[in-house]
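Report on the following structure.
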Amino acid sequence: MAESSHSRLALLCLMIPAMLRPALAEAGFGNPAKGQSLFVSKGCVECHAVRGAGGRIGPDLGRTAVKGSFYEIAAALWNHALTMSDKMKEFRLVRPSFRDDELADLLAFLYFLNYFDEPGDPKVGKVLFAQKHCIQCHSLGKEGGSAGPRLDTLPRGTSPLRIAQDLWNHGPAMVPAIRRLGLDIPKFNGSEIIDLFAYLRSQGQRQAAHEFRSAGDPKRGKRLFREKGCSRCHAVLGEGAGIGPDLGSAELRGSVTQLAGRMWNHWPAMAEAMGALGMAPPTFKGEDVADVFAFLFISRYESRPGDLARGRTIYRQKGCVVCHGQEGQGGGIGPSLRGSSGEAKEQITQRMWNHVPLMRDKMGAHQIPWPRFDAEELAALQALLADGWKSEPASQGALTKKQGGGSR
Amino acid sequence: MREPTEHSTEPDVKGIERRRFIGLAIGAAAGTALGIPAGSVFSGILGSAESPLYPPKGPERFALSVCALCPGGCGVRVRKIGERAVKLEGNPLHPVNAGRLCPKGQAGLQGLYHPDRVPGPLRRVGPRGSLRSFERTSWESALGVVAARLRSLRDQRRPESLVLLRSGMGGIGVRVAQRFLSSFGSPNDVSLDRGEAAASLALFLGQGVRATPAYDLQSTDYVLSLGASLLEASSSPVYTTRAYGEFRQGRTGRRGKLVQVEPRLSPTAASADEWIAVRPGTEGIFALGVAGVIVAEGLYDKEFVQERTAGFEEARDGRPSLRSLLEKHYGLERVASETGISVNVILRIAREFAAARSRLAVGPRRGPLLPGRLFDHLAAQVLNALAGSIDTVGGVLVPEEVPLATWPSLPPDPIAAAGRAQARLDDAGTGSPLVVSDPERLAEAILQGVPYAADVLMLAGADPIYASAAPTRLLAALERVPLVVSFSSIADDSALHSDWILPDAHFLERWDLTTSPPGVPFPVASLAQPAVAKPRHDVRPVTEVLLDLAVRVGPEMAAALPWKDLPTLIRAEMNGLYGARRGAVMGEPFDEAWVRMMEGAGWWAPGYQSADELWKKAGESGGWWDPFYDHGDWKRVLATGSGRFDFRPELLSRVARETPVTAPGERTESTSSLALYLFEPLPIAGGAGAELPFLEGILDPGLEERWETWAEINPESAARLGIEDRAWIRVASPQGEIVVRARVTPRIVPGVVAIPLGLGKRAAGRWASGIGANPLQLLSPARDPLCGLPDFDATKVNVSASSAHRLAGERKA
């Protein structure tokens, strides 16, 4: 007879499968599964919901708040520290502090939420299916043309990435066919692709869901990115060629389905550019697209490293200097910051977070306004903290990851 | 009716020294030793060697199980000190009850430690009808005799003459029992559980799916309940009350409105925003009146009706249309006259219902024994389809099957195959094509010996002499069966008329794998483990008895039920959950949202990497479930021939033709005849609970009734009949009569007498025996004209003051 362990944490399902974790860790990612547990055990869930599940005091983090790189999420976390403290006091909740890798895990979880879309609207998708002229070649049920393959054979509820992969592979045949009909190549804006996919996913017979362990192997995705020739045109966060857009850029961030839409939109231009380079558009099979997208998704967690000189400016402008001294050596009010030298950005963020209550009291006493950061400012400041004021101001420049301020 | 002086509160078993038996049946002896009078409410529990008076020793531990006191399927967490179970709480991770538990569940331990539990297998050696006629025997002897009888039936090529009558047998018990019957060669799997029968039939007729509908109460904005007992004896009481809480207060700035259409101010009606006190039996007419307004004013969901329904407009084949039916038979004036509700109210409710963002009509299921009329359920579904509330958020959902592993096909066995091909004795599915089980027809078939005789009757959880719609006919039928085997744990009324009592284990003493309770939209598989190391008496779970009997009957059956014990079988079934590649082990509400989000996006992230790991984690959490509901899967939920929701106007018009239109003047009462209106209070719903003293003490939250059956009568009717509040009254019909205490109250409409079901047992232990009265004895043999289920609302009774019974009543009180 098994006994119930009745430990809240022990019973939390670890939803992110084991196979994904090593790849995530290698990519400098916290463990989103642990983050999920921490979201509950640290009490975040008392105030925040994720897509409707959880508290309603703060914003729903699955819908509104954090949709960006590490620094964007960390800045949002920092900036809400005071409001949060006030609310927690009002509702008599205990403010969470973090140790070890806890904050990294939590942030990884929050970042990971963006992997999933809001559910699309099949009704809107149905309208789009006609508006974008898909219906002229593809049939669903009794309606639609016969030039292209039937689309109601897709399993109901199939993963959007599977549809994205089919769509992509379909490009070489479909683009000329559309042109022959004198139609424009369909482009998808905003959430159109999500709604269209929702419509396609609502057709056909239901099958078992796709196991998430194969949703993306970022390591294999990185290799595929190179082997399929993507890297000959695209860089990721500045690393790689510059013919096509940098796939780490902020404008390209979004869910995987949105990324699939953008990928499709650039099909004609891409095919042309590849032709000029003597390349054929790549095709994908099996888990290829899932892996490439996992690589891109995780890569975009990073952002460009912070600028040391800018970090010094921010350090002064935001008033850190008042308490922590000109060179972070500590002053009469705040402690030395040089202990963060060489630490990863997650660790520095965690230290910052944990010292909020003390800092708030001291700042209040000295009438110093609470500093707020945007992502770039936070990256720069953390670059400085990770450097520990070792680099000379003259040799200002971006830190590489090896010098700190990069991934853990 | 049984005379109050005949109370038998102590079982007396022939062949066992009387003192010794009492000692075995916990409590009485110790109770006397402690100076607590034997027979007092708490003597059994307080006087027990395992009672709180003797502090338990040992470490505190917890075990997970599933409450079996109703079909609700709540996960329970049993607190143990040493080996003694000391408290039942809700399992916080269980998706049905999320840590909550109803009073029935809270009282569950009283069943475990009940002093009148049957201590071991009993054999009848005297006349039927008394526990005194039984003597103790061994399992080996009992199973040997029963198996020999079963073997002889197969040898005579008459396996169909084995009949199983079951009730409340959730989970793996049903699957094993059905397999047992199939492999033996009997088609006679008859269930007394029909609380969901009418609602399920309405779903089947409209949508072509055989399932119990689930109502998405927590997500809707407006509920029009046609007398559904949402807050008392719903299909899964704790799940429904949780959903109700969410519906009312769980959504910021969005409070759902509940309108209860019912002749009685039930706890649901009392909690509703509006109680519409219709005349009894006119709930469906009211709903169709509302539907008529919605159609006439064009307020229905035109897209849904046009694209997904059939029967709304006139068809080419001359089939009547819903529109013409509503216009012809359900005009406002007629509906107002029939229901006693003003035209203005009907108009207002129709417009409110149609204007709500999401809206839901719920059929009149009043409890596990009271399914409601099919017509009324169909009327509710008409409203749901007109509102487009079929398979939408906040609408009517169709639960998916739990993907347990399918059992291997039956080994070839010509004797069993020939037996299975015989007609069912209850004629269900053939003579009555819509009815799945028909215990009353079974009784008639047994009495007439047509189409064949019943030789062996097994009673698993079923107490047909008490809980069927024709108790006296069932009693006569039982007397005609040569071998009756009861698995009753606390000998019930029917067990007294059996030949063998092979006591079932208490739910805290056995393994089980229960699947989604009725009314819950998502698939759940709850793993129950024995909470106590060994059963308190010499009892065995029915399921294990059937596995054992299969081996004894012969190799054919042994091959069909090859599992050595229950845990092995449960594990084999759970492998299917792993293979289904969906769902998760039970977790926190946040995990639920996460799984739902993932599966909604087409991903499955199980949290277990093997079937073994699933088994382990299910044991630690309470089981497996899949919170994702795939709305709008029309191929699954509209499985009619046309692939559309069918309004079934031809069925509705049949009732419309048969129901005479009554002029308002005819409603005035001129005799002592009142309409009998039955209801089921939660503590004793389904005919279970009266045996637990905690529950006897909380029968009614409004009138504070306890330990007796009462009858609610409107002051107007009471004055006409000369009945005073709290007086003893005689309620009689051609079928029988009972004596109950009158409660004169405006919470019931005039012309009606409302009586709770659940008391009035002859046996079932010292706390149920002789307490209250059983109004099922009064039921007329009328049948629902649309489906053939018993019509629980068709009985007229005569009510009179009962001075002759006053003395007996006072003594009883």
Exercise. Does at least one position in region B:575-590 carry a residue that is modelled with pLDDT of 90 or more, more than 13 Å from every other protein chain (Cβ to nearest Cβ) and either under 21 Å from B:Tyr629 (Cα atoms) or within 32 Å of the chain's Cα centre (by Cα) (or both)?
Worked result: yes
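Here's the yes/no breakdown for (1) modelled with pLDDT under 95; (2) in contact with a Gly (Cβ under 9 Å, 6 or more places away or on another chain); (3) away from every other protein chain (no Cβ under 11 Å); (4) over 30 Å from A:Leu61 (Cβ atoms):
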{"position": "B:Trp594", "(1), (2), (3), (4)": "yes, yes, no, no"}
{"position": "B:Gly600", "(1), (2), (3), (4)": "yes, yes, no, no"}
{"position": "B:Trp603", "(1), (2), (3), (4)": "yes, no, no, no"}
{"position": "B:Leu651", "(1), (2), (3), (4)": "yes, no, yes, yes"}
For this session: Tell me which residues, restricted to region B:236-258, are assigned to a loop (DSSP other than H, G, I, E, B) and either under 22 Å from B:Pro92 (Cβ atoms) or of a type in the set (Lys, Arg) (or both).
Result: B:Ser236, B:Gly250, B:Arg251, B:Arg254, B:Arg255
For this session: Return a yes/no flag: does region B:763-777 have any residue that is closer than 30 Å to B:Leu201 by Cβ and surrounded by fewer than 23 Cβ atoms within 10 Å (Cβ to Cβ).
Result: yes
Seminar exercise, completed: The number of residues in region B:605-639 that are more than 7 Å from chain A (Cβ to nearest Cβ), crowded, with 19+ Cβ neighbours inside 10 Å and among the small types (Gly, Ala, Ser) is 3
Exercise. If we only count helices (runs of 4 or more DSSP H) wholly inside region A:56-170, which ones have 3 or more residues that are without any contact (Cβ under 8 Å) to a residue 40 or more places away in the chain and not assigned by TED's automatic domain parsing to the domain that holds A:Leu378?
Worked result: A:81-90, A:122-131
Seminar exercise, completed: Selection over region B:156-182 where residues are surrounded by fewer than 24 Cβ atoms within 10 Å (Cβ to Cβ), farther than 16 Å from B:Leu513 by Cα and polar (S, T, N, Q) yields a count of 3
For this session: Consider B:Leu496 carefully, then state whether it is within 28 Å of B:Ala197 (Cα to Cα) and in the same structural domain as B:Gly171 (by TED's automatic domain parsing).
Result: no
Seminar exercise, completed: Filtering strands (runs of 3 or more DSSP E) wholly in region B:64-131 for at least 2 residues that are touching a Gly at 6+ places or on another chain (Cβ under 7 Å) and not assigned by TED's automatic domain parsing to the domain that holds B:Glu620 gives B:75-81, B:84-90
Problem set entry | Qualifying residue in region B:445-456 (condition: out of contact with any helix residue (DSSP H, G or I) (no Cβ under 7 Å at 6 or more places or on another chain) and of a type in the set (A, V, I, L, M, F, W, C)) | yes
For this session: Go over the candidates B:Leu475, B:Leu434 one by one and state the one that is assigned by TED's automatic domain parsing to the domain that holds B:Leu181, without any contact (Cβ under 8 Å) to a residue 60 or more places away in the chain and surrounded by fewer than 22 Cβ atoms within 10 Å (Cβ to Cβ).
Result: B:Leu475
Seminar exercise, completed: Counting only residues in region B:524-551 that are farther than 22 Å from B:Leu577 by Cβ and touching a strand residue (DSSP E or B) at 6+ places or on another chain (Cβ under 7 Å), the one farthest from the other protein chains (Cβ to nearest Cβ) is identified as B:Val542
Exercise. When you look at A:Ala269, is it in contact (Cβ under 8 Å) with a residue 12 or more places away in the chain, aliphatic (A, V, I, L, M), outside any loop (DSSP other than H, G, I, E, B) and surrounded by fewer than 17 Cβ atoms within 10 Å (Cβ to Cβ), yes or no?
Worked result: no
Problem set entry | Out of A:Leu61, A:Leu82, sole residue that is surrounded by fewer than 18 Cβ atoms within 10 Å (Cβ to Cβ) and either among the aliphatic types (A, V, I, L, M) or at pLDDT 85 or above (or both) | A:Leu82
Exercise. Modelled with pLDDT of 95 or more and outside the structural domain of B:Lys80 (by TED's automatic domain parsing), is that true of B:Ala560?
Worked result: yes
For this session: Residues being closer than 30 Å to B:Arg308 by Cβ and free of Cβ contacts under 8 Å to residues at least 12 places away in the same chain: count how many of those fall in region B:601-629.
Result: 3
Problem set entry | Options B:Val66, B:Val118: the member that is within 14 Å of chain A (Cβ to nearest Cβ), crowded, with 19+ Cβ neighbours inside 10 Å and within 25 Å of B:Gly461 (Cβ to Cβ) | B:Val66
Exercise. Being within 23 Å of B:His114 (Cβ to Cβ) and surrounded by fewer than 20 Cβ atoms within 10 Å (Cβ to Cβ), is that true of even one residue in region B:507-517?
Worked result: no
Problem set entry | Residues satisfying the stated conditions in region B:210-235, i.e. out of contact with any Ser or Thr (no Cβ under 9 Å at 6 or more places or on another chain) and assigned to a loop (DSSP other than H, G, I, E, B) | B:Leu226, B:Ala233
Problem set entry | Filtered residues of region A:33-55 (kept if at the interface with chain B (Cβ under 8 Å from one of its Cβ atoms) and assigned to a helix (DSSP H, G or I)) | A:Gln36, A:Phe39, A:Val40, A:Val45
Seminar exercise, completed: The condition of being surrounded by 18 or more Cβ atoms within 10 Å (Cβ to Cβ) and either of a type outside the set (A, V, I, L, M) or out of contact with any Cys (no Cβ under 7 Å at 6 or more places or on another chain) (or both) holds, among B:Arg61, B:Arg136, only for B:Arg136
Exercise. Quick check, is B:Ala199 part of a helix (DSSP H, G or I), modelled with pLDDT of 95 or more and not polar (S, T, N, Q)?
Worked result: yes
Problem set entry | Test result for B:Leu508, of a type outside the set (Gly, Ala, Ser) and assigned to a loop (DSSP other than H, G, I, E, B) | no
Exercise. Restricted to region A:280-304, and to residues that are in contact with a Lys or Arg (Cβ under 7 Å, 6 or more places away or on another chain) and in a loop (DSSP other than H, G, I, E, B), which residue is nearest to A:Leu381 (Cα to Cα)?
Worked result: A:Arg300
Problem set entry | Every pair of residues 6+ apart whose Cβ atoms lie under 9 Å, when the first sits in region B:205-230 and is over 23 Å from B:Val278 (Cα atoms) while the second is among the acidic types (Asp, Glu) and part of a loop (DSSP other than H, G, I, E, B) | B:Gln207/B:Asp391; B:Ala211/B:Glu400; B:Ala211/B:Glu401; B:Thr212/B:Glu196; B:Pro213/B:Glu196
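The values are calculated or read from the model by the stated rules, or taken from the named source; none is laboratory data. Since the structure is predicted, the reported quantities are computational estimates derived from the model, not experimental observations. Neighbour counts are summed over all protein chains in view; Cβ atoms, including those assigned to glycine, are modelled from backbone coordinates with ideal geometry.
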